[in-house]
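The values are calculated or read from the model by the stated rules, or taken from the named source; none is laboratory data. Fair warning: this is a prediction, and the values are worked out from it, not measured in the lab. FYI the Cβ positions are ideal-geometry reconstructions off the backbone, even for glycines, and counts take in every protein chain you see. SASA here: full protein model, heavy atoms, side chains in, ligands and nucleic acids out. Shrake-Rupley method; radii C 1.70, N 1.55, O 1.52, S 1.80 Å.
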Amino acid sequence: MAKVLVTGGAGFIGSHLVDKLIEKGHKTFVLDNLSTGKKENLNPQAEFKEADICDFEAIKPFFNGVDFVFHLAAIPRVLISVEDPVKTSKVNILGTVNVFKAAIEAKVKKIIFASSSSVYGEQEKLPLKEDMAPNPISPYGLQKIVVEQFAKLFTQLYGLPIISLRYFNVYGPRIDFESGYSLVLGRFLQQKNQGQPLTIYGTGEQTRGFCYVSDVAEGTIKAIENEDLNGGEIINIGSEKSHSVNYLAKLIGGEIRSFPPRPGDPLHTMADISKARILLGWQPQVSFEEGVKRTQEWFQNQITQTPRV
């Protein structure tokens, strides 16, 4: 089995990815500065390294001897990027270049980069396909496009294969429900628990290609298992079915309060996953309703006890 490094491995998606890597027998290292990641998310079988990707000299030693790198460390919020484009650009662009450079110097075999459906922005047609011209409406989306270009360029210049996976609206256990910037499901769960109305920005008819986190982790790992991926590829990891925010609110249940739309949020997302099927042999397995149910059960467990889930 391989030696793998997961940046952001204490975060929501990263920790699920680490769990699956360990299940598959890989020796797994986690690099995280715990700015948004949590120690309780860490798999005890992973070797944890605390460092910031913006500090090249600090992270460089951790890449030695590693076969594959999964780069998930980021400030992954559209709204934060609108409010602070400077800090988010530093982390999401320059921090990523640090990761790529450290991997190049350590002669890593392949990098999997977590990009985002935010690169599409507003498009006239659905589903969203990888060959569509990017149209970001937030600094976060633009930051991800820039890094995808770095991935292609570094593959060409240095011979290090870097594959970009565009994640769509990931949800599931360990979702952030404590932050004011939390994803919509996390916010709804917290609000219902506190007896507050569910806050919806806009009409609520905006739709998202929600994809359950274990499915996303599985698709991510498949990107290192296919030896025919030579780098520079961009692949959607999401759902072919989209659901409205109003429908999600209905599943959670409770009173609803509406607010004006927030800047940077596209109206609709839905993934075309034809490339993922062909190149990765992947498609989601968990239905939206089942995934929401599992997340609610996890949330109830979290508010009554504290062990790692």
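Some observations on this one:
- Beta bridges per DSSP, both residues in the chain: antiparallel share near 5 percent.
- Cβ-Cβ FRET estimate between Val97 and Met1, R0 fixed at 22 Å, reported to 0.05: 0.15
- Simple spin-label estimate for Phe259 and Glu122 gives 2.1 nm between the two label positions (7 Å along the Cα-to-Cβ direction from each Cα).
- Since only Thr220, Gln190, Gly231 are under comparison, the one whose Cα sits farthest along the positive direction of the charge dipole of the range 161-245, derived from C-beta charges on Lys, Arg, Asp and Glu, is Gln190.
- On Cα atoms only, tilt of 139-158 relative to the major axis of the chain in degrees: 20
- Given charges at Cβ of Lys, Arg, Asp, Glu: the range 87-210 dipole, positive-most of Tyr140, Gly159, Phe177: Gly159
- Portion, in percent, of the accessible area of the chain that falls on carbon or sulfur, probe 1.4 Å: 51
- Rounded tilt (10° steps) of 288-304 against the dominant C-alpha axis of the chain: 90
- For the chain, calculated [θ]222 nm from helices alone, where every DSSP H run of n ≥ 4 adds -39500 (n - 2.57): -10000 deg cm²/dmol
- Exceedance of the 30 Å cut-off in Cα-Cα distance is limited, within the set Lys250/Lys275; Lys109/Lys241; Lys39/Lys144; Lys27/Lys192; Lys101/Lys275; Lys27/Lys241, to Lys250/Lys275; Lys109/Lys241; Lys27/Lys192; Lys27/Lys241.
- For the chain, the solvent-accessible area with a 1.4 angstrom probe is 44 square angstrom per residue.
- The 3J(HN,Hα) values that the Karplus relation (6.51, -1.76, 1.60; θ = phi - 60°) gives for the range 62-69 are, in residue order, 6, 8, 5, x, 8, 7, 9, 10 Hz. Gly and Pro appear as x.
- Here Lys60 is the anchor, and the aspartates and glutamates within straight C-alpha reach of less than 17 Å, apart from those fewer than 8 places off in the same chain, are Asp32, Glu47, Glu50, Asp52, Glu105.
- Taking the Cα centre of the chain as origin and assigning +1 to Lys and Arg Cβ atoms and -1 to Asp and Glu Cβ atoms, the resulting dipole is close to 160 debye.
- Per-residue ³J(HN,Hα) for the range 13-26, Karplus 6.51 cos²θ - 1.76 cosθ + 1.60, θ = phi - 60°, Hz, x for Gly and Pro: 6, x, 5, 5, 4, 4, 4, 5, 4, 5, 4, 7, x, 7
- Point-charge dipole on Cβ atoms (K/R +1, D/E -1) for the range 87-191, about Cα centre, debye to 20: 340
- Full extension of the chain between Glu178 and Thr199 gives 6.1 nm of extra length, using 0.36 nm per residue less the Cα-Cα distance.
- For Ala74, no residue has an amide H sitting under 5 Å from its own, ignoring neighbours fewer than 5 places away on the same chain, with H placed 1.01 Å from N.
- Dipole axis of the chain (+1 Lys, Arg; -1 Asp, Glu on Cβ), positive-most option in Ser117, Val91, His26: His26
- Spacing of the two label points (7 Å from each Cα toward its C-beta) at Asn226 and Asn135, in nm: 2.7
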